[in-house]
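As structure tokens, the structure follows; a few thoughts come after it.
The values are calculated or read from the model by the stated rules, or taken from the named source; none is laboratory data. Not measured: the values here are computed from a predicted model. Using ideal geometry, Cβ is built from the backbone for each residue, glycine included, and neighbour counts are taken over all protein chains shown.
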Amino acid sequence: MKHSILMSGTALLVLALATAQAQAQEDEVAANAEARPPAGQTLLDRITITATMASQAVIDALSGTSLVTGEEVERIQAVTAADLFRQVPGVRASMSGDDPSTAINIRGLQQMGRVAVTVDGARQDYWRVGHGSGSFFIEPELLKQVTVIRGPVSNAYGTGAIGGVVAFETKSAGDFLRAYESWAISEKVRYETNGQGWLSSTTGAYRFSEDFDVIGNFVARTSREYRDGNGEIVRWTGEDGLSGYGKVTLRPADGHEIKLGAMVQRFDDVLSGSSGSTSATLSRFDARTLSQNYTVNYTYNPFDNDYWDLDLNVYHSATRSDQTQAWPTSAIGNTRFYDVATTGFNLRNASRFTSGAIDHTLTYGGDLAHLRGESDADHFGRGKQVAYGAFLQWEGQYDRWLDVTAALRYDGYRLDGSSKATPTEPSSDVSLSGQRWSPRVTVGVTPVTGLQVYATYSEGYRTPHLQEVFRQNGAHGSGYEPNLFLRPEVARSWEGGINLKFDDVIASGDMIRAKVNLFHSDVADYISTVSSGGVTQARNVGTARLRGIELEGVYDFGRGYLSAGASFTSATMRDGPYAGETLSNTPLENAGVTLGFRALEDRLNWGVQYQSIGRVVRQLSSGPTVYPRVDLVNVFANWDINDSFRVDAGIDNVFDKAYTDPQSGWATTSDVHQGKGRTFKVALTGRFGG
């Protein structure tokens, strides 16, 4: 793979030299200037799909909504999904070095469907058993942007999202091609010193007409074991990956658009059941994982009919991991597999009309997801789940100063699996089901231009996961026992927030955008793994209480900008046998600050980024383990030399801090830290089109 990447690098340099000469024409330069992001727009001014399922600027969203743009992905040269959320308040993603999959934590809630993760609208529901098991795979190079919606205000996106939604979106041809182009191709090569990581990313797009275009991307990456901040090799952290996607966009008639998308990712890595431990008996596996994502999206939004803003998404996502045991010697050659697939659809329509002084938007729709999990590992909760729901939402805006949203969602589910055999009773088929109505009300007031205040009450409903209900056998004493009496989790949340949007504050042309959000959530019948009397199983252990504040803002003064995101969270059990204990793996205090500068007619963007990973309590069978706060500093520089050649460079963990991310499940007995030490990164990108 490395030879192919080096060949790609040579081709890139030739490509850059050739296209740099062809780029001198004045009309092309002017056209390219039109294709750049508009001046006077900050990250929080960008449009995304918000909690009401409407396209809206982040700064205007009456919820804890954040956006990670493609420019941010390129700026930090994201290697893992965890890199994407450095400055997103209330969000942390696991970054286990020996596992390319990722689990996302929002406000203390993660995994087992508590956070709905989608790629182009397709739910990502993969899971396995083991320490630090993740929930999805994503190659950052494939992304256009990532939208984060925190809390159960996002329940219109589907069942279970009591923690929130993370929506990944890949590029369409229109996002890659410039306004004057009918075709374009680019090649990017990146190298990072720590772990000798190479990446090649090739993208091509063609616009046959205004009604038909295609785009494709292929990414190859390879890396070896990296070193921690103490210079020690972090075992089993190298990996190889091949990823690609294609998307076709058709517009058969005015107002109609169809997008057909396919994404395939392949990862080869080593999974260490020992999670960094030096134990000679715990297991390691060579893993080969294939992740596939197929989507069909249809929209109907005619310009002359406000009653139709229809969006239908049909999808199939599947992940299979085949694993061969490589340690201990007595078990070398043993195999196991995990195969998880979700097939579903979501449908919504928005109708808009005006009566008197009130502008109305009525949004309604439904969704269904069929989840299947299979494995030959006897401690995997194999089975099937059908989750379905419908929602009705009304938004009213009065005289531009009052916004009211009222919504009601219905959820239902069915779980099909098997009971555990006993000495007297054989295993038998089991079906569980449930349903619930969940309301949401939001009121927003704009007393003066630039200041918006809002308050929300919302509820969410999470179905017990197949793994929680049907898991049996395996490690830990006499093994796991199914719990066929698990109750769904119900989240009730109060939120209040302020949106600030001011221009020409200190100097002419500058701007301030800021969001502040306070939340108080109680999750009744919270499910946790309990071990007692030689039996381990998932149980409803009481009410979890999540409280905190989230802040996000940017001050842009033209020649530079200062952006920040921070969250301060309390996540404890309010009652039950664990009353007063902190939820396991919850990031309590996190902050990120970026100071950036622009030069050379905004073609050069450089700066420094501070990242604080707050104290985390990890609950283990031996008792709680506290991981102290870690402060990291990164620097970056991005230079568009011309419209055909770009250089990106950066240094992560400048001061070579040694630390471990406890969300990864890294063993407390490990003799090395899991976090990556100082890493230099450089990328070259060449592009031409016409």
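Details
- Qualifying residue in segment 650-661 (condition: among the hydroxyl-bearing types (Ser, Thr, Tyr) and closer than 22 Å to residue 271 by Cβ): yes
- Subset of segment 530-546 (residues that are surrounded by fewer than 17 Cβ atoms within 10 Å (Cβ to Cβ) and either under 23 Å from the mean Cα position of the chain (by Cα) or assigned to a strand (DSSP E or B) (or both)): 530, 531, 532, 535
- Test: residue in segment 473-481 that is over 17 Å from residue 385 (Cα atoms), of a type in the set (Ser, Thr, Tyr), more than 26 Å from the chain's Cα centre (by Cα) and surrounded by 13 or more Cβ atoms within 10 Å (Cβ to Cβ): yes
- Every pair of residues 6+ apart whose Cβ atoms lie under 9 Å, when the first sits in segment 96-125 and is within 16 Å of residue 151 (Cα to Cα) and in contact (Cβ under 8 Å) with a residue 12 or more places away in the chain while the second is aromatic (Phe, Trp, Tyr) and in a loop (DSSP other than H, G, I, E, B): 111/127; 112/127
- Residue count for segment 167-206, restricted to those that are part of a loop (DSSP other than H, G, I, E, B) and either within 14 Å of residue 248 (Cα to Cα) or not β-branched (Val, Ile, Thr) (or both): 11
- Candidate set from segment 346-366 (those that are surrounded by 18 or more Cβ atoms within 10 Å (Cβ to Cβ) and of a type outside the set (A, V, I, L, M)); member that is nearest to residue 157 (Cα to Cα): 346
- Any hit, segment 459-472, residues being surrounded by 14 or more Cβ atoms within 10 Å (Cβ to Cβ), aromatic (Phe, Trp, Tyr) and in contact with a helix residue (DSSP H, G or I) (Cβ under 8 Å, 6 or more places away or on another chain): yes
- Checking every residue in segment 350-369 against the condition of being more than 23 Å from the chain's Cα centre (by Cα), part of a strand (DSSP E or B) and more than 28 Å from residue 52 (Cα to Cα) gives zero matches.
- All conditions but one from (1) hydrophobic (A, V, I, L, M, F, W, C); (2) touching a strand residue (DSSP E or B) at 6+ places or on another chain (Cβ under 9 Å); (3) surrounded by fewer than 19 Cβ atoms within 10 Å (Cβ to Cβ) apply to residue 566; the one that does not is (3).
- When segment 284-310 is limited to residues that are part of a strand (DSSP E or B) and of a type in the set (A, V, I, L, M, F, W, C), the one that is nearest to the chain's Cα centre (by Cα) turns out to be 290.
- Taken over segment 51-107, residues that are closer than 27 Å to residue 521 by Cβ, of a type in the set (A, V, I, L, M) and part of a helix (DSSP H, G or I) amount to 5.
- Of the set (1) surrounded by 15 or more Cβ atoms within 10 Å (Cβ to Cβ); (2) part of a loop (DSSP other than H, G, I, E, B); (3) modelled with pLDDT of 85 or more, all apply to residue 558 but (1).
- For residue 547, the conditions (1) out of contact with any Asp or Glu (no Cβ under 7 Å at 6 or more places or on another chain); (2) in contact (Cβ under 8 Å) with a residue 40 or more places away in the chain; (3) within 27 Å of residue 159 (Cβ to Cβ); (4) not aliphatic (A, V, I, L, M) are fulfilled apart from (2).
- Looking only at residues of segment 569-614 that are under 30 Å from residue 525 (Cβ atoms) and of a type in the set (A, V, I, L, M), we find that the one that is modelled with the lowest pLDDT is 588.
- For segment 307-319, the condition holds for no residue, the condition being that it is of a type outside the set (Ser, Thr, Tyr) and over 24 Å from residue 121 (Cβ atoms).
- Matching residues in segment 519-529 - criterion: being among the small types (Gly, Ala, Ser), surrounded by fewer than 21 Cβ atoms within 10 Å (Cβ to Cβ) and in contact (Cβ under 8 Å) with a residue 40 or more places away in the chain: 528
- Selection within segment 217-257 - within 22 Å of the chain's Cα centre (by Cα) and of a type in the set (A, V, I, L, M): 219, 220, 242
- The set of residues in segment 619-658 being part of a strand (DSSP E or B), of a type outside the set (A, V, I, L, M, F, W, C) and buried (at least 19 other Cβ atoms within 10 Å of the Cβ) consists of 627, 634, 638, 640, 646, 648, 650, 652.
- For segment 386-412, filtering for residues that are hydrophobic (A, V, I, L, M, F, W, C), within 18 Å of residue 362 (Cα to Cα) and touching a Ser or Thr at 6+ places or on another chain (Cβ under 9 Å) leaves 8.
Yes/no per residue for (1) assigned to a strand (DSSP E or B); (2) under 21 Å from residue 441 (Cα atoms); (3) among the polar types (S, T, N, Q):
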residue: 337; (1), (2), (3): yes, no, no
residue: 371; (1), (2), (3): yes, no, no
residue: 380; (1), (2), (3): no, no, no
residue: 387; (1), (2), (3): yes, no, no
residue: 404; (1), (2), (3): yes, yes, no
residue: 415; (1), (2), (3): yes, no, no
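- Pairing each residue of segment 480-500 that is in contact (Cβ under 8 Å) with a residue 12 or more places away in the chain and within 20 Å of residue 433 (Cβ to Cβ) with any residue that is in a loop (DSSP other than H, G, I, E, B) and among the acidic types (Asp, Glu), provided the two are 6+ apart or on different chains, yields C-beta distances under 9 Å for 486/525; 487/525; 488/525; 489/525; 490/525.
- Any hit, segment 260-283, residues being of a type in the set (Val, Ile, Thr), outside any loop (DSSP other than H, G, I, E, B) and farther than 30 Å from residue 316 by Cβ: no
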